[in-house]
Amino acid sequence: MINKSLEKINISDIDFSIDDFRFCCGVQPDQLESSIAKYCVLVPPYLYHCSGNRNFAIVTGFRRLEIAKRLGMVAVNCFVLEKGISHENLFLLALNERIGKRELNPAEKAILVRKVVSLFGKGRSIKEILPLIGLEPSEKILSQYLAVSKLSMNILEKLATGELSIQGALELCKIDEKDRAKIVEILVKLGCSASIQKEIVVYCKEIGAREKKAPGQIIEEPQVREILDDPELNRREKTNLLRTYLRKKRYPLITKREAEFRKKLSKLSLPSGITIKPPQYFEGNRWSIELVFWSPEELNKKVSAVERVIKNGSIESLLE
């Protein structure tokens, strides 16, 4: 049981520079500001005594107090915690107060992980804190979120609002900081899915490594800019064209082989519902045929079509 007392505290006595227990990111305070302007701070923040020129530091309620300060309020009712509470217990209080309100977004989880590791160590953080914030208790997950926590605040804000996925953020950690902003700008403009964000970052990184260029240079090539700046294309069309361009640049031999395969396949004039699948990356000799039918008669029709291309030798050119 942590003892506390409700007191009216002068905002000038609060040290806003101490952010040991702050991990809020990406939450827009518009409605909160309207509420505070009208009703003042309804839920008292938690403060603790600190040394220095000012008397108190914030445990919970950073945004509430910042808004109150911006609105020109002189004093706010706050819970002042008893002296002597350990830093660990103060952090756990801040954490439990936050997760009791809403689920933490990925950026907040990353910021929190960085702080708990420095406070509790890796072992305890994995065992106790990760499950508490909805993450798998593993060293791999801890390492991933620690890496994400080192991204710039501008990128973390995009992660917090959902414009950037955690998958995309993890790939961004693997490239130089100066290239990240360029690629994030494109990902946000395209508004693509998590898997596609990851794909684009990986392609830029791998193409850059092969061509001895920075990943940011790949996304600035004239062919890419032509796609992204075309006013006639919507976001989905731009995304598909960009993926096609990057994939062709990353795997020129495979994309050439795919084009040849599609051309030969169209010449077979197979009816719809018959799909011929080559081996992955056209490596090996394990091909497959998929038939879609809704009656015995339809099945016989599809099988006859396959037998036709086998007998006339058309399929042999496809397998070359």
Semi-axes of the equivalent ellipsoid for segment 181-320, please: Cα gyration tensor eigenvalues, times 5, square-rooted, ordered largest first, whole Å.
38, 18, 13
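Which GluC sites (Glu not before Pro) in segment 27-129 sit in a loop by DSSP (not H, G, I, E or B) and have at most 14 other Cβ atoms within 10 Å of their own Cβ? The partial results should precede the final answer.
Values: sites: Glu33, Glu66, Glu82, Glu88, Glu97, Glu103, Glu108, Glu128; in loops: Glu82, Glu103.
Filter output for segment 27-129: Glu82, Glu103.
Multiplying the sequence separation of Asp229 and Arg262 by 0.36 nm and subtracting their Cα-Cα distance, what value in nm do you get?
Working: separation 33, 0.36 × 33 = 11.88 nm, distance 2.95 nm.
Additional length available on full extension: 8.9 nm.
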Can you show me the helix-derived [θ] at 222 nm for the chain, built from DSSP H runs with n ≥ 4 at -39,500 (n - 2.57) apiece and divided by the number of residues, rounded to the nearest 500.
-16500 deg cm²/dmol
How much of the calculated P(r) for segment 267-319 lies past 14 Å, in percent of all Cα pairs?
56
Shape parameters for the chain, alpha-carbon atoms, Rg then Dmax in Å
28.5, 91
At 20 °C and 1.002 mPa s, grab the translational diffusion coefficient of segment 101-157 from Stokes-Einstein with a Kirkwood Rh over Cα pairs, rounded to a whole number in µm² per second.
191
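Relative contact order for segment 267-319: what percent, with Cα pairs under 8 Å and sequence separation of 6 or more?
32
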Using mean Cβ contacts within 10 Å as the protection proxy, how do 116-122, 231-237, 163-169 order, highest first?
163-169, 116-122, 231-237
With +1 at each Lys and Arg Cβ and -1 at each Asp and Glu Cβ, the charge dipole magnitude of the chain around its Cα centre, to the nearest 20 debye, comes out at 560
What number in nm² do you get for segment 1-111 if you take the convex hull of its Cα atoms and divide its surface by four?
7.1
So, in nm, how far is label Arg70 from label Asn89 when the simple model puts each one 7 Å beyond its Cα toward the Cβ?
3.4
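Laboratory data are not the source of any read-out in this text; all were calculated from the coordinates shown. These numbers were taken from a predicted model, which means no experiment stands behind them. Please note: Cβ atoms are built from the backbone with ideal geometry, for glycine as well, and neighbour counts cover all protein chains shown.
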